[in-house]
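Participant: Next up is a structure, given as structure tokens.
Read-outs: derived from the displayed coordinates by stated rules, not from any lab. Just so we're clear, the structure is a prediction, and the values are computed from it rather than from any experiment. Neighbour counts run over all protein chains shown; Cβ positions are idealised from the backbone, glycine included.
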Amino acid sequence: MPITTCVFDAYGTLFDVAAAARQAAKEPKFIDLKNSWPALAEYWRLKQLQYTWLRAITSSHTDFWQVTKESLDWALEKTGHAGKPEMRKRLLALYWELQPYPEVSDMLGRLKKAGLKTTILSNGSPKMLESAVKSAGIQDILDGCLSVESVKVFKPDPKVYNLVNKEFGCSTTEVLFVSSNGWDVAGAAGYGFNTVWVNRANEPVDRLPWTPQKVLPNLKDIPKLAGIYD
């Protein structure tokens, strides 16, 4: 069955999660981040994911903004920046306007032009996603922006992936699911979606029961995988 709906994870897939720390490190006020921002960004993201998994399996849901703040606090302490409220405030503000990867707009535009449905499916809260999409200027080339908040559990719970079927009335075989997170791709594959892992860091494939059907270094060839050859 041909692909009718392309579904994208947001953070790390469309939006660069390291951008907040990288941008803050360029600002004179936060010169302390000059050498430590890569570690800060990595720890921030790691704890962000770990906290969502733990909350999902313990039925202790909170929204992604709370998780983002808590994981940043851990990362700041880990990298020696605890007790710096202005730095914390700036990093959190920058997270609301993360930079998209350079190929995102063109790729989504090609899908839209070909008549395919495009949507985000994310752990992010609705307000966070709205801000990120608007900041990236891609609001007019997305048909949807689905948040886990409607089911109150984080990925990779199957209820999250089922939001796509409910919203677009499509079968699982009509969906191309794209994520930079191997565990997210595994969850989507287990649910029944066609999957693409965007492996920007050239990492090994996760040892899980489900593996990605395709692996790409970036998003440029997503239209081809969706059957578009313009």
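Participant: Any residue in the range 107-125 that is within 28 Å of residue 27 (Cα to Cα) and touching a strand residue (DSSP E or B) at 6+ places or on another chain (Cβ under 9 Å)?
Facilitator: First, pick out the residues of the range 107-125 that are within 28 Å of residue 27 (Cα to Cα): 124-125.
With touching a strand residue (DSSP E or B) at 6+ places or on another chain (Cβ under 9 Å) added as a condition, the list becomes 124-125.
Looking through the range 107-125, at least one residue is within 28 Å of residue 27 (Cα to Cα) and touching a strand residue (DSSP E or B) at 6+ places or on another chain (Cβ under 9 Å).
Participant: Given the condition within 17 Å of the chain's Cα centre (by Cα), charged (D, E, K, R) and within 25 Å of residue 219 (Cβ to Cβ), answer yes or no: does some residue in the range 112-132 qualify?
Facilitator: Of the range 112-132, the ones within 17 Å of the chain's Cα centre (by Cα) are 118-132.
Filter once more, keeping what is charged (D, E, K, R): 127, 130.
With within 25 Å of residue 219 (Cβ to Cβ) added as a condition, the list becomes 127, 130.
Yes, that holds for at least one residue.
Participant: To continue, here is another question. In the range 60-72, what residues are in contact (Cβ under 8 Å) with a residue 24 or more places away in the chain and surrounded by fewer than 16 Cβ atoms within 10 Å (Cβ to Cβ)?
Facilitator: Listed by number, the list holds a single entry, 65.
Participant: A follow-up question, please. Taking the condition of being of a type outside the set (Gly, Ala, Ser) and over 20 Å from the mean Cα position of the chain (by Cα), how many residues in the range 74-109 meet it? Quick ask: steps written out before the conclusion?
Facilitator: Narrowing the range 74-109 to residues of a type outside the set (Gly, Ala, Ser): 74, 76-79, 81, 84-92, 94-104, 106-108.
Checking which are over 20 Å from the mean Cα position of the chain (by Cα) leaves us with 74, 76-79, 81, 84-90.
Of the residues in that region, 13 qualify.
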